[in-house]
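No value in this document is a laboratory result; all are computed from the given coordinates. From a predicted model like this one, the values you see are computed outputs, not experimental measurements. FYI the Cβ positions are ideal-geometry reconstructions off the backbone, even for glycines, and counts take in every protein chain you see.
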Amino acid sequence: MANNKPHILVLPFPAQGHINPALEFSKCLASHGLKVTIILTSRASKSAQIPSNSSIYVETISDGSEEGKEPESIEDFFKQFNAAVSQNLAKFIQEQRATCPAKVLVYDSIIPCALDVAHQEGLLGASFFTQASGVCAIYYHIHQGLIKYPYEDSELFLPSMTPLEVNDLPCFSFIPDTNNTVVRLLADQFSNLEAADWIFINTFDKLENEVLNWMVSRWPFKTVGPTFSLIYPGKKLMTEKNHKINLFELNYEASMKWLDSRETGSVVYVSFGSVANVKEQQMEELAQGLISSNCYFLWVVRSSEEHKLPQNFTSMASEKGLVVNWCPQTEVLTHRAVACFMTHSGWNSTLEALSSGVPLIAMPQLVDQMTNAKFIEDVFRVGLRAKTDENGLVRREEIETCIKQVIQGEKGKKLMESAGKWKELAKEAVDKGGSSATNVEIFVSKLLNL
Ligand code: UDP
């Protein structure tokens, strides 16, 4: 039966924060009667736990990473990645042509070379942005040469955006990158965008209204977020155990059982996402801050980060806290026990918290997280940004203060109200007739009539 449905290919960048929104978008498309194949690249599929009962198909192409030799620099990584993906994507599309030809490629906006491949192979191309519109606007200005990197001004006034200080701008100092490869890569999302047949972004109209309007006056961006709450039949019955592509081993039962035994609104959920490497000293401050807050906490520490935890921390904190390597975050955020989310402010985490009505404590580490943290505190007004000292560390006292303010203080009440408001607006966007749901429906109806 799938052979009669229009076939859509979806190519996410091989990182958890890119795969998750692409997968949710794919499931939504599949529920509207399309055949959807997610193409993972080998770097992701070697650790991916792929759901067996999914409505979408998952295939792998090589991105060159299995050749054994790790690229020497980030620049080499992207050269190898782009060359291998372009070649193998073309081959994949040609192979599919024999059995179930694809009509459209939805590709991660940070792989713009995929659009060229799609067009060469006779497919339409839809760029899929996984960052906030405000962050995209900054990258657009960098692309146009209107913002120089390294940043030159101490304060920036961009159209339709709150003033930004350097500390609020995407930060790239985390990695040795003398040629600014990552900055160029992010700016290059705009390099061939005028040729894209559709442009989608994981946000929603009311969240970033002004800056979205400004972006839309230049590019036909269509909002489809929060993809995490996109509604499709059967979604409510799915647990993360069997509907996500996790690149890390999931501690499902441990996390959920522990939360089930906690009182409503009593737990601080702590996670820094899938990429950030938190400094050892920062881990120590965080550990001590969590203990002295005297609150219950569920802390995700990826196994590669575990060695940075203070000695004996896990047993020392066992009365109050649980440390896991990876949890079902979207289920955790909607659990009645969770009172607030101490986060690195990745865009998915931010949207997932907003959609769940959970206030945030932002501790940004790198790239767009700095800008998201600014929005969280000053624009969405749904959280606090923890203050750093002169060495860039958030000290234990600050962590304790932030937790107490959010969970117990007057400020906390206001943040909860605001979180509740965003939860409603996020739901409205994805409900029938809402802005994101309508954008998906228009896309689907075009595809069904191609
Ligand atoms: N996530 C998860 N379990 C965890 C931590 C994170 O499933 O224990 C998911 C989270 O729900 C989000 C993604 O991983 O969808 C992280 O994306 P985000 O943009 O927040 O941060 P990144 O990992 O890209 O820095």
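Across the chain, where is the longest run that never hits GluC sites (Glu not before Pro) in a DSSP loop with at most 11 other C-beta atoms within 10 Å?
The segment 153-262 is the longest one with no such site.
Once R0 is set to 30 Å, what does the formula 1/(1 + (r/R0)^6) return for the Cβ-Cβ distance between residue 249 and residue 404, expressed as a FRET efficiency to the nearest 0.05?
Here the calculated transfer efficiency is 0.35.
For a 32 Å ceiling on Cα separation, which of these pairs sit above it: 222/308; 320/387; 79/432; 257/427; 79/244; 5/79?
Over 32 Å Cα-Cα: 222/308; 79/432; 5/79.
Take the alpha-carbon positions of region 84-130, form their convex hull, and give its projected area averaged over all directions (one quarter of the hull surface) in nm².
3.0 nm²
Of all beta bridges DSSP finds with both residues in the chain, what is the antiparallel percent, to the nearest 5?
Here the share of antiparallel DSSP bridges comes out near 10 percent.
Counting only C-alpha contacts under 8 Å and six or more residues apart, can you give the relative contact order of the chain as a whole percent?
16 percent
So which residue, out of 133, 42, 54, gets the largest mean-square fluctuation from a GNM of the chain using Cα contacts under 10 Å as springs?
Largest GNM mean-square fluctuation: 54.
Using alpha-carbon pairs under 8 Å, 6+ residues apart, how would you state the relative contact order of region 55-122 in percent?
30 percent
Restricting to DSSP loop positions (anything but H, G, I, E, B) with no more than 11 other Cβ atoms inside 10 Å of their own Cβ, which trypsin sites (Lys or Arg not before Pro) remain in region 68-137?
69
Take residue 155 and residue 69, extend 7 Å from each Cα along the Cα→Cβ direction, and tell me the distance between the two endpoints in nm.
5.1 nm
Summing -39500 (n - 2.57) over the DSSP H runs of n ≥ 4 in the chain and dividing by its residue number, what mean residue ellipticity at 222 nm do you reach, to the nearest 500 deg cm²/dmol?
Value at 222 nm, helices only, nearest 500: -12000 deg cm²/dmol.
For region 272-412, what is the relative contact order in percent, using Cα pairs closer than 8 Å and at least 6 residues apart in sequence?
The value is 26 percent.
Run down the aspartates and glutamates and flag those whose C-alpha is under 18 Å from the C-alpha of residue 148, throwing out any fewer than 8 positions away in its chain.
165, 168, 177, 188, 368
Using the Kirkwood formula over every pair of different C-alpha atoms, what hydrodynamic radius in Å results for region 346-402?
Evaluated over region 346-402, this radius sits at 11.6 Å.
With a cut-off of at most 14 other beta carbons within 10 Å, and DSSP calling the residue loop, which chymotrypsin sites (Phe, Trp or Tyr not before Pro) in region 19-125 qualify? Please list them.
Passing both the DSSP loop test and the Cβ count: no residue.
For the peptides 29-40, 353-364, what is the packing order when you average, over each peptide's residues, the other Cβ atoms within 10 Å and list the highest mean first?
Descending mean neighbour count gives 353-364, 29-40.
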